[in-house]
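Note sheet for the following structure.
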Amino acid sequence: MTLPRRLLAASPGWTVTADVCVIGSGVAGLCAALHAREAGLSVVVVTKVNIDDGSTRWAQGGIAAVLDPLDTPAEHAKDTLVAGVGLCDPAAVDVLTEEGPGRLHELIAIGAEFDRNPDGSLMLTREGGHHANRIVHAGGDATGAEVQRALHAAIHRDPGIRLIEHALVLDLLTGADGRAAGVSLHVLGEGSEDGVGAVLARAVVLATGGLGQVFASTTNPAVSTGDGVALALRAGATVTDLEFVQFHPTALYLGANAPAGQQPLVSEAMRGEGAYLRNSAGERFMVGRHELAELAPRDIVAKNITREMLASKQEHVWLDARHLGRDFLEHRFPSILARARQAGIDPVTELVPVAPAAHYASGGVRTDLNGRTSVPGLYACGEVACTGVHGANRLASNSLLEGLVFAGRIGRDLARDLPPQAEPVDIEGSGLDHYVVSSTVREDLQHAMVRGAGVLRSAESLTSTAETLAQLGGKHSVDPRPANWEVTNLHTVATALVAAALTREETRGCHWREDFPDASDAWRGHLLAAIAPTGALTETYEAMS
């Protein structure tokens with residue numbers, strides 16, 4: 001099966017020019033834009049729907065950063081490395097944990113307000129995999145919303161940043177030397193520009209977020225369709241660690257007849273504050289299975305929940321927060337209580353049904369410590385990127401921190417030296433190079449991914465999923481429109497993810513192979529994916545030193 005090297009689309013009918021084009025408006029994208037402005041560069045921010053519709057505002061838990069005098073960046077790094085199960089880049093982890101506190105204080109300086117103790121100090125809590133209280137939060141369980149609010153306000157205060165909303169990015173534009181020269185995009189009729197256009201820029205920053213909508217059940221918003229990873233693959237960039245998709249252990253289970261798509265998240269912070277997991281017999285099944293019990297790393301908790309569900313033939317387990325008390329729960333977790341009560345469940349007096357759902361992509365577009373990808377002039381940060389921080393499994397509350405830290409590094413790199421704007425060159429190709437997959441296959445694709453490439457994987461399930469994807473990918477469309485472009489992106493990312501999961505014959509972190517239940521030193525390395533000029537997906541294994 002071949003994959004498209006370009007999306008079928010009309011030629012750009014309008015252009016906008018800036019020094020830097022940032023794709024995405026979450027914590028990573030907006031921070032990258034602000035840092036580019038500090039370097040004196042003009043910026044265009046392109047976002048798929050509205051500025052606040054990405055994953056950042058849904059983050060409930062908080063931001064991990066060493067602020068307690070008794071804590072150290074080395075201890076934070078140690079917890080991060082343990083969670084990453086041997087695949088983290090130690091240099092990237094050191095950058096994250098050492099630069100993180102400073103970047104957090106920068107966020108506070110632009111107006112982000114976090115929860116504080118009576119003496120005015122920042123309130124710190126703990127989440128799964130952490131051995132110290134180092135999580136700052138806002139509004140109890142509304143950290144992402146506060147971060148998004150503060151960054152949104154900062155962006156609108158800066159006249160040097162232009163925002164284009166309702167815009168789906170299509171493909172990277174490159175100059176004759178192969179360097180990024182901008183992007184093509186499609187703007188819906190809500191903006192001043194209508195239809196396919198182009199942003200010409202001296203550098204492009206991908207901050208498009210995750211790929212959770214590849215699965216039928218996910219905590220990700222509807223916009224998370226893997227657009228950045230798919231664009232990078234089509235542009236010839238290297239992508240890595242796609243098999244490591246973290247399934248959050250505790251999404252609110254809404255019933256067998258609930259619609260597919262974004263599921264409400266029940267933050268790990270609730271377990272951090274003392275909530276218990278119970279099976280259908282009422283037993284705390286995580287006790288004795290890990291030293292941190294309910295606060296074990298997410299992959300371990302998700303696996304054990306899945307085992308309990310299989311053993312009991314139930315579609316969920318239970319979260320018990322009743323002993324925490326009404327006053328505490330309503331103050332600390334107002335958003336979670338409101339959403340649960342909307343579903344007819346009161347966590348103050350009732351057990352909460354929860355089940356794993358696709359949550360976070362630890363892999364993505366491969367970057368160096370300055371956010372540079374393998375394509376000159378193309379940067380990536382946030383969930384779309386693979387900086388080496390997360391390894392095989394992201395540590396709780398390191399995601400917002402990663403966006404803060406590496407967006408700052410990209411800004412610093414952009415300030416050093418950018419070449420003049422290049423003239424994009426046309427990419428000639430056959431119909432096999434430029435096509436879209438029909439949007440009619442979306443649900444079939446998403447359900448196939450849950451069945452065969454979800455929490456439980458095996459050679460049999462993954463081979464079956466790969467065959468299904470090949471069949472679905474053959475359903476081409478001659479209609480270039482957003483629904484078909486999105487599904488083409490989903491299909492490209494799903495194909496690369498399944499290929500990597502099938503190749504990696506071990507269980508490590510988020511990647512759980514029933515037929516290879518143990519980790520193997522032979523697989524302590526990274527699978528690098530790319531799309532060859534022929535459209536074939538290529539894989540290369542790179543062992544870690």
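The values are calculated or read from the model by the stated rules, or taken from the named source; none is laboratory data. Note that the structure is predicted; figures quoted are calculated from it, not measured. Positions of Cβ are generated from backbone atoms using ideal geometry, with glycine treated the same way; all protein chains shown enter the neighbour counts.
Annotations for the structure displayed:
- Some residue of the range 8-15 being at pLDDT 95 or above and surrounded by 16 or more Cβ atoms within 10 Å (Cβ to Cβ): no
- When residues of the range 165-179 are limited to those that are surrounded by 21 or more Cβ atoms within 10 Å (Cβ to Cβ) and within 22 Å of the chain's Cα centre (by Cα), the one farthest from Ala237 (Cα to Cα): Ala167
- Subset of the range 232-262 [in contact (Cβ under 8 Å) with a residue 24 or more places away in the chain, farther than 14 Å from Glu383 by Cβ and of a type in the set (A, V, I, L, M, F, W, C)]: Leu233, Ala235, Ala237, Phe247, Ala251, Leu252, Leu254, Ala256, Ala260
- Candidates Val405, Val455, Val450 - the one that is within 22 Å of the chain's Cα centre (by Cα) and either on the phi > 0 side of the Ramachandran plot or part of a loop (DSSP other than H, G, I, E, B) (or both): Val455
- Out of Ala222, Ala154, Ala176, sole residue that is in contact with a Leu (Cβ under 8 Å, 6 or more places away or on another chain) and either assigned to a loop (DSSP other than H, G, I, E, B) or more than 19 Å from His434 (Cα to Cα) (or both): Ala154
- Qualifying residue in the range 88-105 (condition: assigned to a loop (DSSP other than H, G, I, E, B) and modelled with pLDDT of 95 or more): yes
- Whenever a residue of the range 148-172 is within 26 Å of Thr225 (Cα to Cα) and modelled with pLDDT under 95, its partners that are part of a helix (DSSP H, G or I) and among the hydroxyl-bearing types (Ser, Thr, Tyr), lying with C-beta atoms within less than 7 angstrom and at least six residues away or across chains, give the pairs Gln148/Thr56.
- Selection status of Lys303, over 12 Å from Pro249 (Cα atoms) and basic (Lys, Arg): no
- The numbered conditions (1) closer than 30 Å to Arg508 by Cβ; (2) within 22 Å of the chain's Cα centre (by Cα); (3) crowded, with 21+ Cβ neighbours inside 10 Å are all true for Gly86 except (3).
- Consider the range 474-516 and keep the residues that are part of a loop (DSSP other than H, G, I, E, B) and modelled with pLDDT of 95 or more. The one that is nearest to Thr538 (Cα to Cα) is Arg504.
- Residue that is surrounded by the fewest Cβ atoms within 10 Å (Cβ to Cβ), among those in the range 317-376 that are of a type in the set (Ser, Thr, Tyr) and farther than 30 Å from Val95 by Cβ: Thr349
- Residues that are closer than 18 Å to Glu486 by Cβ and not hydrophobic (A, V, I, L, M, F, W, C) were ranked within the range 182-196; the one that is modelled with the lowest pLDDT is Glu190.
- Glu308 meets the stated requirement of being in contact with a Phe, Trp or Tyr (Cβ under 8 Å, 6 or more places away or on another chain) and free of Cβ contacts under 8 Å to residues at least 40 places away in the same chain.
- Residue identified as buried (at least 23 other Cβ atoms within 10 Å of the Cβ) and touching a helix residue (DSSP H, G or I) at 6+ places or on another chain (Cβ under 9 Å) among Ala494, Ala466, Ala500: Ala494
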